[in-house]
Each structure stands twice: as structure tokens, then as C-alpha cells.
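The values are calculated or read from the model by the stated rules, or taken from the named source; none is laboratory data. Note that the structure is a prediction, hence the values are computed from the model and not measured. Virtual Cβ from ideal backbone geometry, glycine too; neighbours counted across all protein chains shown. These area figures cover heavy atoms from the full protein model, side chains too; ligands, DNA and RNA do not enter into them. Shrake-Rupley method; radii C 1.70, N 1.55, O 1.52, S 1.80 Å.
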Amino acid sequence: MNTTFDFDSIIDRRNTNCAKWDTQTKKYGRNELIHLGVADMDFKSPQPILDELQKVVEHGIFGYTDLNEAFYESIQHWLKKKAGVDVPKEWIVFCPRINISSSICVDSLTDSKANVIINSPAYSPLMDAILKNNRKAIANPLVLKDGRFSMDMNYLESVVNEDTEMFILVNPDNPSGRAWSKEELGELSDFCLKHNLILFSDEIHADILVEGVAHTSTLSLPGAIQDRLVYASSLTKTFNIPGLIVSYMVIPNEKLREKVKNTIDRIGMHNPNIFSVVAVEAGYNRCDEWLAALNAYINDNEKFFRAFVEENMPEFHIMPREGTYLLWIDYKDLGVSEDELKKWFIHDAKVEVYMGSNFGEHGIGYIRVNLATSRELLKQALLRMKEAYVRIGK
Ligand SMILES: Cc1ncc(COP(=O)(O)O)c(C=O)c1O
């Protein structure tokens, strides 16, 4: 048990309009499921954030809100500390959600007939950003190399064409948990430059890392790629505040930045949520110890989960995790279809996880499990799965 921060308590999230525990319960019509699906955490946010939110509630007036200097300075300070880069204030563009940023960028930075490349399996709202803006998506199937996913640069060369205008990257990757290396990002950067692509890099998971793994931010890549980069991030995964709805982009190139800002202006997305502004300041300046403890807890959850699965459910093969609090698990050795496995999870094991097809056709044969819950709940889920294991496919 961590003595300073409490990640062990089981907090009931039902009946709080919770996407993970309420919406999924309604979807399956079952109250008894343990939910390890939606990518948020079952932990309370760090105390400095809670204190700042409390102050806003006590003040009692929730008027229109503007970004303050602390918002920009906190982001600058964080990016200096984490990525080693100096980001001028003007490069930072507020946007309520990355899911909005990605859509806006596809819409305003590519031609209506453009192709956009995205790694596959892919976090589905990023694929939606391409398809719902009527662009053509080119899936880049990740390939297994030494047990981990990697990008096949030869394949990319074979599918890129003159209509291709953007590459959407997730780093660290959801769902695979890959934290792309400096070398891999260097190759990707060369590829984008060679073919004049804009690199949209979603780094929302960058603060959740396995012990000993370093995150390389695209903001730290040398050279001309900075001129074609849209970096998108947030602290909502880091400190478990996605319900506050806040994110930002860093866009070094002025012309690209103006196009994005014009779209933001056109759709009237002017003011931030009053709670989000104080949360950014508190999170980025006063929660380092909490974050270190969180990462340690998630690492221990992973060790516990892996050991249990290896011993009791050997046909689930867990891919190496480098970042995110998600595990990507290959179940093809079980010889069952996704429908069969889903039925088993919901009706027999009574555990809800994300099925791989949520991440596109290359996700089939895999499930995604969210580790960011109390150890006890994780144990209960594993015990349910173990008890039901012999009935998979029956
Ligand atoms: C890779 C990735 N990008 C974006 C998001 C969503 O970010 P936002 O809440 O800012 O739209 C998620 C949430 O799971 C994610 O995993």
C-alpha cells in the first residue's frame, strides 16, 4: 500500500454519469460487470487539483472564463521539463478536446480530396476525424517485430501518393502501448518531409510510462519537421480529469497555426471551462509526486496482471507496454471469434474490456484492458476470468 497517496480504495463510480461505469452498464443491461474498458482512471485526482476546484465551487459564480498567463506558463514549464523544449506562448493553441483538434486539423489543413495516413490498430476517434471529414484514410498496419509493434517504412513508401497530406500519430500509442523511439520518430519525420506531409502527433498518453522508458516527443525532433508539426496534448489522462474537457496544441508554423485558429474562431469555441483553467495550473506545477506514485502503482498493477494471466490463462498473450495505462492482449491462441469472446466476457466472466475491432480491422484478435484501477478490483476481475476460463468458446 502506498502510504502517501491512496490508489487502493475502491471508489464507487456508478450513478455519477460516468462513461465507464454507467454508460457501459446501460449498454449491456447488467449491473454486476467490472469495467476495464473506457480509458480513464478509477482514482481520485491529486489533492492540489481538488483544492483548486473546491475554491471555484466555494466562490459560487461560474461565469465566462478566459485563459490566464498561468495556463500558458504551466504548459511551457511542463514541456521544458518533460520534452526539453522551449515553446513560445504564441505557439500554444487551446482546444477543449484532442478529439476536436484532430478533426479541425484534418478539416483545415488538408484538401477536401486528401488522403491521411494513420497507424492501425487506431484509437477510433482519430480515424473518425479522417472519415467524418470525408478524407480518405490510409491505414498503416503495424507489424510485429521482436514481439512489439513497429511501423513498416517500406509499406508506407508503397502507399503514400501525391494526394497524401497528413500522418496522424499517437505517441505513446493507444491501443498498443508503444512509446516510439527517437530512431523510429526520426524515420517517420524523414518520411513526412520527403512527401510534404503534416505530422499530427497526439501525445496525450506521454506522462504514463513504464519504469525506465523514455518518451520522445515530436516537439524535440530536430530540423524542418517542426514546420510541419501539430503537437496535441493534455493533462487529462495524466491527472484523471478528462471530464473537465481541456487540451492544447503546439503549432510552430505560423501559417498552419492561423488556419487552425481561424477554424476555432469560426465554430465559436472561445472560452475554456472554468474548472479546467485552475486544474492545468495545479496539475502541471504541483502534482509531480502524485504522478510518480501513480506510475509506480500502474507498473505494479501490470506486474500483478501479467503474472496472474501467465499462470492461469496462458492463451492470452500480453504485448509489452511502454506507455499508457492500457494493455493490448492477443487472444488468437484461444481459437474463438471476437463475438464469442465478447459474450464470454460479458455473460460469463462479467468483466467488460474493449474488443479489438473498436480499433479497426487490424485490432481483431486482440482486447484492450485498462489497468488504472485499484489492485483489489483488478484482482476481482482476474479471479472472475480465471473461474470462467475453461468455458471460453463453450
Ligand atoms: C490517443 C487518444 N487521443 C485522444 C483521446 C481523447 O482526448 P480528449 O478527451 O482530449 O478528446 C484519447 C482518450 O482515450 C486517446 O486515447
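How much of the DSSP bridge set in the chain is antiparallel, in percent, rounded to the nearest 5? All intermediate terms of the calculation are to be shown ahead of the outcome.
On the way: 20 of 41 bridges.
Counting DSSP beta bridges with both partners in the chain, the antiparallel share is about 50 percent.
Using the Kirkwood formula over every pair of different C-alpha atoms, what hydrodynamic radius in Å results for segment 32-81? Walk me through the numbers before you get to the answer.
On the way: mean 1/r = 0.0694 Å⁻¹.
The answer is 14.4 Å.
What value, in deg cm²/dmol to 500, does the helix sum -39500 (n - 2.57) over DSSP H runs of n ≥ 4 give at 222 nm once divided by the residues of the chain?
Values: 12 runs with 144 residues, N = 394.
It lands at -11500 deg cm²/dmol.
How much accessible area per residue does segment 237-394 have, counting only protein heavy atoms and a probe of 1.4 Å, in square angstrom? Display every interim value, and only then the final one.
Details: 6460 Å² over 158 residues.
Normalised by residue count, the accessible surface of segment 237-394 is 41 Å².
Between the alpha-carbon centers of segment 301-344 and segment 124-139, tell me the distance in whole angstrom.
What the calculation gives is 28 Å, centre to centre.
Got a number for carbon plus sulfur as a percent of segment 88-218's accessible area, 1.4 Å probe?
Values: 2410 of 5050 Å².
Taking all protein chains in place, segment 88-218 shows 48 percent carbon and sulfur surface.
Quick one: give the max-minus-min coordinate of the C-alpha atoms of segment 54-136 along each principal axis, largest first, in Å.
48, 34, 25
In nanometres, what is the gap between the two model label sites at Asp300 and Glu340, each 7 Å from Cα along Cα-to-Cβ?
With each label point 7 Å from Cα toward Cβ, the separation is 3.8 nm.
Over the Cα atoms of segment 293-394, compute the convex hull volume and normalise it per residue, giving Å³. Don't jump to the answer; show the numbers that get you there.
Working: hull volume 9.4 nm³, N = 102.
Normalising the Cα hull of segment 293-394 by residue number yields 92 Å³.
Determine one quarter of the surface area of the Cα convex hull of segment 1-71, which equals its mean projected area, and express it in nm² to one decimal. Write down the numbers at each step before the final one.
Working: hull surface 30.3 nm².
Approximately 7.6 nm², given one-decimal rounding.
On full extension of the chain, what length is gained from Lys44 through Tyr155, given 0.36 nm per residue of separation minus the C-alpha to C-alpha distance?
Values: separation 111, 0.36 × 111 = 39.96 nm, distance 4.32 nm.
Residue separation times 0.36 nm, minus the Cα-Cα distance, leaves 35.6 nm.
Just the Kirkwood number for the chain, please: inverse of mean 1/r across all distinct Cα pairs, in Å, one decimal. Intermediate results must be reported in sequence, preceding the final value.
Numbers: mean 1/r = 0.0457 Å⁻¹.
Kirkwood hydrodynamic radius for the chain: 21.9 Å.
Provide the per-residue ³J(HN,Hα) series for segment 15-23, in order, calculated from phi with Karplus coefficients 6.51, -1.76, 1.60 and θ = phi - 60°, each as a whole number of Hz, with x at glycine and proline positions.
6, 10, 6, 8, 4, 6, 9, 8, 5
So if I take the centroid of the Cα atoms in segment 357-372 and the same for segment 39-115, what is the distance between those two points in Å?
27 Å
Express the accessible area of segment 143-202 per residue in Å², computed with a 1.4 Å probe while the remaining protein chains stay in the model. Mind dumping the intermediate values first?
Details: 2490 Å² over 60 residues.
With all protein chains present, segment 143-202 gives 41 Å² per residue.
Please list, in chain and number order, the residues 5+ apart from Ile198 or on another chain whose amide H is under 5 Å from its amide H, with Hs placed from the backbone.
When sequence neighbours closer than 5 places are left aside, the close amide H contacts are Met166, Phe167.
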